[in-house]
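What follows is one structure encoded as structure tokens, with my remarks underneath.
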Amino acid sequence: MKNTDFFKGKNILIVGLAKSGFAAAKLLHSFGAHCFVNDKSPREGNMEAEKLEKLGMEVVCGSHPLSLLNNNLDFIVKNPGIPYHNPLIDEAVKRNIPIYTEVEIAGMISEASIIAITGSNGKTTTTTLIGEMLKNSNKTPIVAGNIGTVFSEVAAESTEEDILVAELSSFQLMGTERFKPQISVFLNLFEAHLDYHGSLDEYGKAKAKITENQDSSDFVIYNADDHQVTALMKSSKAQHIPFSVKEECEEGAYIKEEVLYFKQQKVIDLKDIVLPGKHNLSNIMAAVAASLLAGAKLEQINQVLTTFPGVKHRLQYVGDVNGRRFYNDSKATNILATNAALSAFETPVILLAGGLDRGNSFDELIPSLKNVKALVTFGQTAEKMAEAGKQAGIETIKRADNVEEAVPLAYGLSEDEDVILLSPACASWDQYKTFEQRGDMFINSVHKLK
């Protein structure tokens, strides 16, 4: 670790005791900082709070009292999920107390080089691909952030021989000041989390912090097909590495005559790539660029692309049952993600969709339903989803009580060579604790058919 003396003697308030807050508190305490910890959960049964108290930290649970700001604080480390309109955070901003996320700490103490990935969609797939490509090239990648383990925790254990590959959200990046990855990746920008950021402009600015401190010795890989991303990248001082599925970017990654190239060097024929979906070509190009810049070998990258089936719950190939191919895209918790999933298939699709009702209609999904031969709906939005199906001209629409019931129902409607796709376009919380649980139920139901 480096720069640990920076934290010695500092008065630091950690707000939020999820995984990242707990890890940050332990780490900062070990550096000699005076840590105050605050969590909204009640003290009773809060094991993390108990562990930190035993280490000698002052822990306040059950509320966010403003009096915590009277401890001559040098800065606050905030859980990314806590919004800035939280009264404690809002007051801290008014008092000009710096507010960071644990990503800032990770960047300061890491001895390893850092590849940081952000974007509205595709982060997990791209991050996983980079990790696989580097590992296959005998590098030592450590995958962290939103995927894997807490970023600052692995940064503390990393060495100069490692490469930290971190999936980072806008929430995490917003709380950075000095963070400087050697390679940054900005995949795309769509309307999301506007309740947190207030506007698409502020959301984009938070994402763009991934390259804010980079210089000419660093690289920024970005989506040249996304005009909003391209505009945000103009101010980056890093070496620009664009990727595009539409144009030939000879200084970056591009497609020409059904072949993927990087800097005019052939990488792979598109027909040999296992991961389905046109939308995944962007993720693949970004991963190829980052991996090659980090020292991965072309042959090993090619091997990953011909064998990597996808991340679990993200357009994951589950298996074949009597000629029907099943795909689990439970991570598709919004219309945009389901549109992308449907665009991945040219053969007839039987779509399983529905879930938590957030008050929106599904009109934007209708154009993507043209290849859907049957629709099975479930959850709170079952009726809304069925209405969108009717407007799209789908003749066969059925309703199931849940995903487990939807799978055999969909199978009964299918024929040889059909795709049966779970891509809900909704969050899972009306029936399942997480989208992972929903996806696992789908997988289990497919296996029962076998």
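Can you give me the ranges of the strands (runs of 3 or more DSSP E) entirely in region 323-414 with at least 2 residues that are at pLDDT 95 or above and surrounded by fewer than 19 Cβ atoms within 10 Å (Cβ to Cβ)?
Details: elements: 324-328, 349-353, 372-377, 396-399.
Once the strands (runs of 3 or more DSSP E) in region 323-414 are filtered for at least 2 residues that are at pLDDT 95 or above and surrounded by fewer than 19 Cβ atoms within 10 Å (Cβ to Cβ), what remains is 396-399.
Which residues, counting only those in region 184-208, are touching a helix residue (DSSP H, G or I) at 6+ places or on another chain (Cβ under 7 Å) and open to solvent by less than 10 Å² (accessible area, probe 1.4 Å)?
Val185, Phe186, Leu187, Leu189, Tyr203, Gly204, Ala206, Lys207 - these are the residues of region 184-208 that are touching a helix residue (DSSP H, G or I) at 6+ places or on another chain (Cβ under 7 Å) and open to solvent by less than 10 Å² (accessible area, probe 1.4 Å).
Across region 324-360, what is the number of residues that are within 23 Å of the chain's Cα centre (by Cα) and among the acidic types (Asp, Glu)?
2
Does region 303-316 include one or more residues that are modelled with pLDDT under 95, touching a Gly at 6+ places or on another chain (Cβ under 6 Å) and outside any loop (DSSP other than H, G, I, E, B)?
Yes, region 303-316 has at least one match.
So, Leu232, is that one of a type in the set (A, V, I, L, M), open to solvent by less than 10 Å² (accessible area, probe 1.4 Å) and either at pLDDT 95 or above or touching a His at 6+ places or on another chain (Cβ under 8 Å) (or both) or not? If you could, list the steps in order and put the result at the bottom.
Details: of a type in the set (A, V, I, L, M): yes; open to solvent by less than 10 Å² (accessible area, probe 1.4 Å): no; either at pLDDT 95 or above or touching a His at 6+ places or on another chain (Cβ under 8 Å) (or both): yes.
It is false that Leu232 is of a type in the set (A, V, I, L, M), open to solvent by less than 10 Å² (accessible area, probe 1.4 Å) and either at pLDDT 95 or above or touching a His at 6+ places or on another chain (Cβ under 8 Å) (or both).
Within region 111-127, take every residue that is in a helix (DSSP H, G or I) and modelled with pLDDT under 95 and give me the one that is nearest to Val311 (Cα to Cα). So that I can check it myself, show each step before the final result.
Looking only at region 111-127, we keep the residues that are in a helix (DSSP H, G or I), and these are 123-127.
From what's left, modelled with pLDDT under 95: 123-125.
On the way: Lys123: 11, Thr124: 8, Thr125: 6 Å.
Residue satisfying both the conditions and the ranking: Thr125.
What about Val77, is it modelled with pLDDT of 95 or more, outside any loop (DSSP other than H, G, I, E, B) and in contact with an Asp or Glu (Cβ under 7 Å, 6 or more places away or on another chain)? Write out each step before concluding.
Details: modelled with pLDDT of 95 or more: yes; outside any loop (DSSP other than H, G, I, E, B): yes; in contact with an Asp or Glu (Cβ under 7 Å, 6 or more places away or on another chain): yes.
Yes, satisfied.
Exactly one condition in (1) open to solvent by 70 Å² or more (accessible area, probe 1.4 Å); (2) in contact (Cβ under 8 Å) with a residue 60 or more places away in the chain is not met by Lys51; state its number.
Here Lys51 meets the rest and fails (2).
Tally time: how many residues in region 12-36 are outside any helix (DSSP H, G or I), in contact with an Asp or Glu (Cβ under 7 Å, 6 or more places away or on another chain) and open to solvent by less than 30 Å² (accessible area, probe 1.4 Å)?
Of the residues in region 12-36, the ones outside any helix (DSSP H, G or I) are 12-18, 31-36.
Next, from what is left, pick out any that are in contact with an Asp or Glu (Cβ under 7 Å, 6 or more places away or on another chain): 12, 16-17, 36.
Among the residues that remain, those that are also open to solvent by less than 30 Å² (accessible area, probe 1.4 Å) are: 12, 16-17.
Matching residues across region 12-36 total 3.
The values are calculated or read from the model by the stated rules, or taken from the named source; none is laboratory data. Predicted, not measured: the structure shown is a model, and the values here were computed from it. Here Cβ is always computed from backbone atoms with ideal geometry, including for glycine, and neighbour counts include all displayed protein chains. In case anyone asks, the SASA skips ligands and DNA or RNA and just uses the protein heavy atoms, side chains included. Shrake-Rupley method; radii C 1.70, N 1.55, O 1.52, S 1.80 Å.
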